[in-house]
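Structure, as structure tokens:
Read-outs: derived from the displayed coordinates by stated rules, not from any lab. From a predicted model like this one, the values you see are computed outputs, not experimental measurements. Cβ: placed from backbone, ideal geometry, glycine included. Neighbour counts: every protein chain shown.
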Amino acid sequence: MKSTWKHQLILLFREMSRNMRPGWNRHPFFNKIMDLLIFERKRGTVRNCKRPVSVPIGKYYGILKGEQVIVSDLKAADDLNAFGCYGEFLQRREPRVSVECFESNADQQHQQERSAKIWKRLWPTDNSLRLSMEEAMYLSAEIGVLQISADNGQECMPDVVWKTFFGCYGIRFVRRYATYRYFRRQGWVVRSGLHCGVDFMLYRDGPEYYHSSAAVRIVSKGSKRDASAFIALNRELNSIKKTLIEVIVVVPEDCNIQSIDSIHCISVMHSSALTWKTSDDR
């Protein structure tokens, strides 16, 4: 059967989308805002190299502990962190040698130097990977590579994990996960934005290759904006070459957000603003 010109156009658009940069797969038709982003490669990285694998392959196992999931297997932890930059490593330090039992009569400066030497002798003994609620939910429900279990070894299905996280944070978890899922599906590496006072940071390929391009802040629909705080945050982010993206998560009134299926009826809208620099005429 001959393909119609519409079908050929769809195939061409899909091929173009695969070759575009992450976050640009809808530009210029839907996401013109992404044209404002800056992609700054980190020093020491090889140019024109193959893009890293962003989707983990295989089966991984994690333990649900409160509002996070812990992956203890070293190989699995390394794979999840390498393929898509998921999770944060927990490196608890313990003494490799016995710490002195008796306190000395030295002055305060000597005590500080002694404490510093003891700290240097500590050795990381726990290389477990901590997955946030959004990361664990995405790997489990969206990609299907993570099997989550309780402390007693009983498997927790994605809907059970959803209800657990919803019980911790309610609508806030739903909004955060919807935002995380939205940008992950567009090819971005999404990391915590706590250090910048926002919800998430967006990276092309990952923090190992590029500096973050944008900061994502989730706002409530119809909420009053603090103009001073917005201007201060926007200027600060622009000074370090980051674009502020504000996201509104639209949840229909008849949507049961306690169910994992609600994610399919939730939509995400975003907007951005840049600081105009008169000295640079931009």
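Packing order of peptides 37-43, 75-81, highest average first: 75-81, 37-43 (average count of other Cβ atoms within 10 Å over each peptide's residues).
Distances between placed amide hydrogens fall under 5 Å for THR243 paired with ILE38, ALA214, ALA215, all partners being 5 or more residues away or on another chain.
For segment 146-239, a simple Cβ point-charge model (Lys and Arg +1, Asp and Glu -1, everything else neutral) yields a dipole of about 520 debye relative to the Cα centre.
Between ASP199 and VAL216, ARG217, ILE218, the built amide H atoms are under 5 Å apart, and every one of these is 5 or more places off in sequence or on another chain.
Measuring between alpha carbons in the structure, the pairs from LYS65/LYS224; LYS75/LYS221; LYS221/LYS242; LYS59/LYS163; LYS42/LYS65; LYS221/LYS241 lying more than 31 angstrom apart are LYS65/LYS224; LYS75/LYS221; LYS42/LYS65. By the compact-protein rule of thumb, 2.2 N^0.38 Å, the alpha-carbon radius of gyration of segment 165-233 corresponds to a ratio of 1.22.
Considering all alpha-carbon pairs of segment 121-243, what whole percent are spaced by more than 24 angstrom? Summing the P(r) of segment 121-243 above 24 Å gives 40 percent of all pairs. The residues packed around ALA136, meaning those with a beta-carbon under 10 Å from its beta-carbon, carry a net charge of -2 if Lys and Arg are +1 and Asp and Glu are -1. When each of the peptides 235-242, 211-218 is scored by how many other beta carbons lie within 10 Å of its residues on average, the order from highest to lowest is 211-218, 235-242.
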